[in-house]
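Shown next, in C-alpha cells, is the structure this report addresses.
The values are calculated or read from the model by the stated rules, or taken from the named source; none is laboratory data. A quick note: this is a predicted structure, and the numbers were derived from the prediction, not measured. No Cβ is skipped: glycine too gets one built from the backbone with ideal geometry, and neighbour counts run over all protein chains shown. Please note that ligands, DNA and RNA were not included when accessible areas were found on the heavy atoms of the full protein model with its side chains. Shrake-Rupley method; radii C 1.70, N 1.55, O 1.52, S 1.80 Å.
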Amino acid sequence: MSQHNPEAARSVFTDAIKLSRDTGGPVEKGDVILDVKDLTVRFWVGQEWFTAVEDMTYQLKAGEVLAIVGESGSGKTQSSMSLLGLLPPTGRATGSADLKGTELVGMSIQELREVRGNEISVIFQEPMTALNPVYTVGFQIVETLRTHYLMNPSAAKERAVDLMRMVEIPDPEDSFNKFPHQLSGGQRQRIMIAQALACEPKLLIADEPTTALDVTVQAEILKLMRELRERVSAGIILITHDMGVVADMADRIIVMKDGKVVEHGTSQDIFKRPQHPYTQQLLASVPHLAEHVGDGELEGPPNTVIETEGRPVPLSAPRTSSEPALLMEDVAIVYPKQGRRPEFRAAEHINLRVEEGEVVGLVGESGSGKTTLGRAAVALLPVREGKMTVAGHDITKASMKELKPFRRTVGIVFQDPGSSLNPRLPVGESIGEPLLLHEGLKGAELSKKVEDLLDSVHLPRSMRNRYPHELSGGQRQRIGIARALALNPKLLIADEPTSALDVSVQARVLKLFKELQEEYGFACLFISHDLAVVEQVSSRIAVMHQGHLVEVGDTLDIVTRPQHAYTQRLLSAVPVPDPDEQRKRRELRDAIIEREHLVS
C-alpha cells in the first residue's frame with residue numbers, strides 16, 4: 001500500500017490549480033454564485049416547439065442547497081441540464097444563467113468543456129450508466145483531474161485516493177483499481193461524488209442522487225453531502241421527487257409542474273405553509289411512517305425477534321385452520337459456484353408464513369436476500385435446504401412439468417416493468433399471454449378478458465395497442481400488475497413495485513394495489529426497502545439482514561417498537577417530509593450507530 005501524505009497532495013493540487021486556471025477569486029459562503037433569469041427550454045417535436053421549462057428565475061448562494069422538486073416531466077432535470085449544454089440536439093435554451101460573471105446560456109461547445117467538471121459538476125441519477133464500465137474508478141477520477149489541471153499521473157492518483165478517502169470509500173488504495181461493477185450501489189454513488197468534487201466546482205448539480213439506494217445507504221450519502229457542503233463552499237442544486245430527502249437537505253425549494261415554477265420558498269415555508277394546491281397535493285402523496293416513530297422511544301413489548309446463529313426459528317405467524325398461501329420452513333437459497341467465485345448462501349434458516357388474503361411486507365437493505373426469497377417463492381430460484389410450500393404445492397424439488405400447474409397460482413410484479421415487458425409486443429398481448437398459455441383463451445374471449453384487466457387497473461382500453469416505450473413509468477407498472485393478476489393468483493410477489501416512481505404516481509399505484517387486493521383477495525409478499533410504503537399496505541412486516549430474518553411482527557409494533565438493533569437503524573434512516581422531525585431522526589440515527597460502535 002502506498003504512503004499517503006494528504007498535505008503534500010493538497011499542496012500539489014493547489015499549485016496545479018494556480019497553473020491551470022484563474023478561478024475568478026475565492027467563493028465565500030453566502031455569495032450569489034448562480035443567477036438565473038427567465039430560463040426557457042424548448043424541444044422541436046412533431047414539427048412544432050414544445051416548452052419543457054418556461055421563464056424560470058432563481059438565485060443560488062455558495063453553501064446553499066436549492067431543491068427543485070416535481071413529478072417526472074415537470075422540467076426539473078432539463079432546467080439544470082440546460083446550464084451545461086446537455087440538452088439533446090432538438091433542445092434549445094433561452095434566457096440568462098450567470099455563474100459568477102460567466103453567461104452559460106449560448107456558450108460554445110469548446111467553452112462548455114472548460115466549465116463542465118471544472119466550474120459545474122453533476123452527480124447523475126444512475127452511477128452504473130454514468131461511469132465507464134471498461135475503466136477503473138480511480139482512472140476516471142484521475143482523468144477528470146488531468147483534463148482540467150496540469151498534474152502528473154502520480155500527483156493525480158494521490159489526489160484521487162484523497163478524494164476517495166474523503167467520501168469514505170473503504171480501503172481507497174485498493175478500490176482505486178476496481179471497476180464500477182465491483183462496487184456496491186452506494187460505493188458507486190460515492191465515486192460519482194468524488195469525481196464531481198475533484199475540481200472543487202462552484203456549482204454541484206445532484207440529479208436524483210439517492211433514488212436507487214436503500215434507506216440506510218441513502219442516509220449515509222445524505223450525511224456525506226451535508227458534510228461536504230460545509231467543507232466546500234459550493235452551491236448545490238438538488239433535483240429529486242423524494243420529499244424526505246428534500247427535508248433532510250434543502251435550504252430553499254422550487255416546486256415545478258408542467259414546466260412552470262408554481263411555488264418558491266424556504267424549506268420551512270414549503271413544508272409548514274404550502275400555498276399552491278399542487279404543492280399541497282405533492283406533500284399529501286408522501287408516505288408517512290407512524291407520527292411518533294423517531295421520537296426516541298425504541299423500547300416496548302417484544303415482537304418476534306429471531307435469533308440467527310445458525311438455528312432454526314419458530315414460524316413468524318400463528319397457524320390457522322386454512323392452508324397458508326406461502327410457507328417457508330427452514331429454507332436456504334444458495335447461488336452455486338461459478339468459475340473462481342465460491343457458492344454464496346443468499347438466505348438461510350428462513351421461516352415465514354403468509355396466510356390467505358394477507359399482505360406481508362419484506363424489508364431490508366440491498367443484498368439482504370429479500371428479492372432472492374421472492375424469486376424462490378415463484379420457483380425462479382431453487383431451494384437448497386428446507387421446504388417451500390405455495391398454495392398447497394410443495395415446490396422444493398418440483399420438476400418443470402410439475403411446476404406448470406403451480407404457475408397458475410402465483411404472479412409477480414417486477415421492480416422495473418420497462419425491462420420485464422416484451423418491447424416487441426403491444427401491452428395488450430403481454431397481458432393476454434398468460435391467459436393464452438394456461439387457459440387457451442383466444443379471439444373475442446381473450447380480448448374481453450384483457451379489456452377487463454385494463455379496466456381493473458384504471459387504464460383506457462385503447463392503451464392495449466401501445467408498446468411499452470410509449471407509456472409512462474406508472475402506466476407500465478399498472479400493466480405489470482394487470483399481467484400478474486391475469487390468472488387470479490392466490491399469491492402475488494411484488495418486488496419493489498414503486499421504487500422508481502414519483503411520489504404522486506406511487507401514491508396512485510399503492511391505492512390501486514390496495515383496491516385490487518381487496519377485490520381479488522390474493523395474498524402478497526410485498527418486497528421493498530421503503531418502510532413507509534410497506535407500512536401502508538402490510539398487516540405484518542418481516543425484516544431481513546444479511547440473509548436472515550431478524551424480526552417479524554405486526555406492522556404497528558415494528559414501526560413503533562422495533563426490538564432488533566438493525567430494525568431500529570433501518571427505521572431511523574427513513575427520511576420524513578418534515579425538516580424539524582428529520583433533524584431529530586438524524587440525531588437518533590447517529591446515537592444508534594454510536595451505541596453500536598461502543599458495543600462492538
Over segment 47-167: Kirkwood hydrodynamic radius from C-alpha pairwise inverse distances, Å: 16.9
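So how strong a dipole does the chain carry about its Cα centre when Lys and Arg Cβ are +1 and Asp and Glu Cβ are -1, to the nearest 20 debye? Write out the running numbers ahead of the final one.
Values: 68 positive and 83 negative charges, 309 e Å.
Result for the chain is approximately 1480 debye, rounded to the nearest 20.
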Hz values of 3J(HN,Hα) by residue in segment 502-513 - Karplus curve (6.51, -1.76, 1.60), Gly and Pro given as x: 4, 4, 5, 5, 4, 4, 5, 5, 5, 4, 4, 4
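Peptides 587-595, 377-385, 551-559: what's the order by average Cβ count within 10 Å, highest mean first?
Numbers: 587-595: 15.4, 377-385: 18.3, 551-559: 21.7.
Packing order, densest peptide first, comes out as 551-559, 377-385, 587-595.
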Descending Cα extents along the principal axes, the chain, whole Å: 76, 62, 51
Under the Karplus curve 6.51 cos²θ - 1.76 cosθ + 1.60, θ = phi - 60°, whole-Hz ³J(HN,Hα) for segment 333-342, x wherever Gly or Pro sits: 10, 10, 8, x, 4, 10, x, 7, 7, x
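Assuming R0 = 35 Å, what is the FRET efficiency of Tyr135 and Arg341, from their Cβ-Cβ distance, to the nearest 0.05? Before the final figure, lay out each step's value.
Details: r = 23 Å, r/R0 = 0.64.
My answer for the efficiency is 0.95.
If you build the convex hull over the alpha carbons only and average its shadow over all orientations, what do you get for segment 323-479? Give it in nm² to one decimal.
Working: hull surface 45.7 nm².
With the hull built on Cα positions only, its mean projection is 11.4 nm².
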Cubic angstrom per residue, convex hull over Cα atoms of segment 135-269: 128
Per-residue SASA entry for Leu425, accessible area with 1.4 Å probe, Å² rounded to 10: 40
Simple label model, 7 Å out from Cα along Cβ direction - Leu403 to Lys272, nm: 5.7
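Would you compute, from DSSP H runs of 4+ residues alone, the mean residue ellipticity of the chain at 222 nm, taking -39500 (n - 2.57) per run and dividing by the full residue count, rounded to the nearest 500? It would help to have the intermediate numbers written out before the result.
On the way: 23 runs with 233 residues, N = 600.
So the helix-based figure for the chain works out to -11500 deg cm²/dmol.
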Alpha-carbon gyration tensor eigenvalues x 5, square-rooted, for segment 455-600, Å: 34, 18, 13
